[in-house]
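K.L.:
Could you have a look at this structure, given as structure tokens, before my questions?
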Amino acid sequence: MEIFIDIQLQSNRPEGYILLGTSLETCASDGDRERLLESLYNAPAMLTFGQIPIPSCLKRKNTFEPVIFLSLHMHLNYYFLRFLSQELQEKLIGFTLTECYLQNRYECIIGLHNNEEEFFIKLNLYNEFTCLAFPGEFSKSKKGTYNVFKELKDQKITTIIQHENDRSFHIVFENEYSLLFKLYGSRSNLLLFYKNNCVDLLNKNLVPDREIDLANIHKKTNQTYENFLSEKGNISALFPAFDKEIFSQLYLMDYEKKNNEGKWDTIQELLKTFQIKKFILKSIPPFFKLSFFPSDKIIATTNSAIEAANYFERYAGQSFYFQKEKKEILHYLEQKLKKNTLYISTIETKYKALQEQTRYDEIANILMANLHQIPSHTKNIELFNFYTEQPIRINLKKELSPQKNAENYYRKSKNQKIEIAELEKNILRKEQEKETFLVQLNFIETCEDLKTLRKYSKEHTLLLDKVSKEKEQENLFKRFQI
């Protein structure tokens, strides 16, 4: 079966997968599905089908069939964060912040404790992988960390507030400072507020974030049937937290086929799902996602939002780091191979030129055989080349005698032989390097797990020169803005 994806450029990367029919299993054969999902993942895409935002449409026999969107970002969904912030509220009131630092430019760690235990918050801020996790313990790197939000050190948490219909919440401390977790996918950020005003933020490139007013961050709506009618079915106006997966779920519930009353009942039925504290971690190779909705390929089910976040970070994080590191190593090897191939081509051209030109020892022999025919103070002379049986014009130094010119060419001959030998040696060495790169590329391309990838990379010192260059940079945190 041929599958064509019709793409409209809108973002650097789609935020999810597509399903045919009502489930991943019904979409096509395994091979077709994998190719389809891989194409979508690697291509920027976003189309709209009716009122339902979906990443693409399938074009089959000149007709477009709708595909169902399955968001990979439920862990950043308002309805999930509502449960998560509630659990954090119950857990962390009275805890003191002991440290807040960057483990690297994309990873922020917050350490908390009370008289009985420690608690850690880990925020990943990669564009492709933003998530919260709560590891039971965390080992701080001895080098490369950078403390942030020092105003919060040794301050106790007084409350945690979830923002209505928004993918954000903030932690309030006793000194009237607040830490806002803005979880907007690739535009996520961590912001420090004093009272209602932003005073600092991690990702300083997100300049508009400085204008966020903590007092007006809630997106309050009057979610009644009367307002639904007055909005003429504009779901987003009443339910701004509905994301692509929720719209797709409405589509699967035949929302579009119902009258206004039926549509409203469908929405209410769906909202009941978000009142149930049950979180499902699904496997959608090569990725994982959290969901409220049951399906096959379930990895874990839990009633704890904190545990669900940890499940997601563990499985999805491993997949993300595997894909990220694999891509980096492949790019590294491809660049090495490209440079290697260019170098071989350059030295082979030089070697060929040296082989084709008349050798200096032959020129010296021709001069010695014709000393009697060469006048003194001559710049060049044409003589018979008994090697090729053709005339040859030879350049001379007019201040030297014919015999001294021959001796000069004998000296050049020694250097020429050394140069040719070196070129041969370098060609052989680079050909062996090329073969090594090809073997390594083949292994990395077929590698399927992070542990094997890292072990192989370490054993073969892949990316070692890249890491060395990064370590040579002085004070990394002064060289970029978070």
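The values are calculated or read from the model by the stated rules, or taken from the named source; none is laboratory data. Since the structure is predicted, the reported quantities are computational estimates derived from the model, not experimental observations. When we count neighbours, we look across all protein chains shown, and the Cβ atoms used for this are built from the backbone with ideal geometry, even at glycine. To get the accessible areas, we keep the full protein, side chains included, count just its heavy atoms, and leave off ligands, DNA and RNA. Shrake-Rupley method; radii C 1.70, N 1.55, O 1.52, S 1.80 Å.
K.L.:
Give me the net charge for the shell around I392: Cβ to Cβ below 10 angstrom, other residues only, Lys and Arg +1, Asp and Glu -1.
P.N.:
It works out to a net charge of -1.
K.L.:
List the residues whose amide H sits under 5 Å from the amide H of I284, counting only those 5 or more places along or on another chain, with H placed 1.01 Å from N in the peptide plane.
P.N.:
Close amide H contacts, sequence-distant or interchain: K289.
K.L.:
Relative to the Cα centre, what is the charge dipole magnitude of the range 82-136, using +1 at the beta carbon of each Lys and Arg, -1 at the beta carbon of each Asp and Glu, and rounding to the nearest 20 debye?
P.N.:
In total the dipole reaches around 200 debye.
K.L.:
Moving on. How far apart, in nm, are two points set 7 Å out from the Cα along the Cα-to-Cβ line at K150 and at K195?
P.N.:
The two pseudo-label positions are separated by 2.4 nm.
K.L.:
Now for a separate question. With a ≥ b ≥ c taken as the square roots of the eigenvalues of the C-alpha gyration tensor of the range 74-164, please select rounded if a/c is under 1.5 and otherwise prolate if a/b is larger than b/c or oblate if it is not?
P.N.:
Oblate shape, in that a/c is at least 1.5 and b/c is the bigger or equal ratio.
K.L.:
Any chance you could run the full-extension gain for N303 through F274? It's 0.36 nm times the residue separation minus the Cα-Cα distance, nm to one decimal. It would help to have the intermediate numbers written out before the result.
P.N.:
Details: separation 29, 0.36 × 29 = 10.44 nm, distance 1.24 nm.
This chain segment gains 9.2 nm when fully extended.
K.L.:
Could you please put L191, L229 in sequence from largest to smallest accessible area, using a 1.4 Å probe?
P.N.:
Descending accessible area places them as L229, L191.
K.L.:
While we're on this one: Given a Förster radius of 56 Å and the C-beta distance between E211 and K458 as r, what FRET efficiency does 1/(1 + (r/R0)^6) yield to the nearest 0.05?
P.N.:
0.75
K.L.:
Could you please report the charge total around S376, scoring K, R as +1 and D, E as -1 over all other residues with beta-carbon less than 15 angstrom from its beta-carbon?
P.N.:
Details: positive: K379, K397, K398, K404; negative: E399.
Taking every other residue near S376 into account, the sum is +3.
K.L.:
Still on this model: Under 5 Å between amide hydrogens, which residues at least 5 positions from K204 or on another chain qualify, with H placed 1.01 Å from N in the peptide plane?
P.N.:
Excluding prolines and chain starts, which carry no amide H, the hits are I482.
K.L.:
With the crude spin-label approximation of a point 7 Å out along Cα→Cβ, what separation in nm comes out for N115 versus K324?
P.N.:
Once both label points are built, they end up 4.0 nm from each other.
K.L.:
Further, regarding this structure: At a 10 angstrom cut-off on C-beta neighbours, averaged per residue, how do the peptides 169-179, 323-333, 269-279 rank from highest to lowest?
P.N.:
In decreasing order of mean packing, 169-179, 323-333, 269-279 become 169-179, 323-333, 269-279.
K.L.:
Tell me the net charge near E99. Cut-off is 11 Å between Cβ atoms, E99 excluded, with +1 for each Lys or Arg and -1 for each Asp or Glu.
P.N.:
+1
K.L.:
What order do you get for 137-145, 94-102 when each peptide is scored by the mean count of other beta carbon atoms within 10 Å, highest first?
P.N.:
Final packing ranking: 94-102, 137-145.
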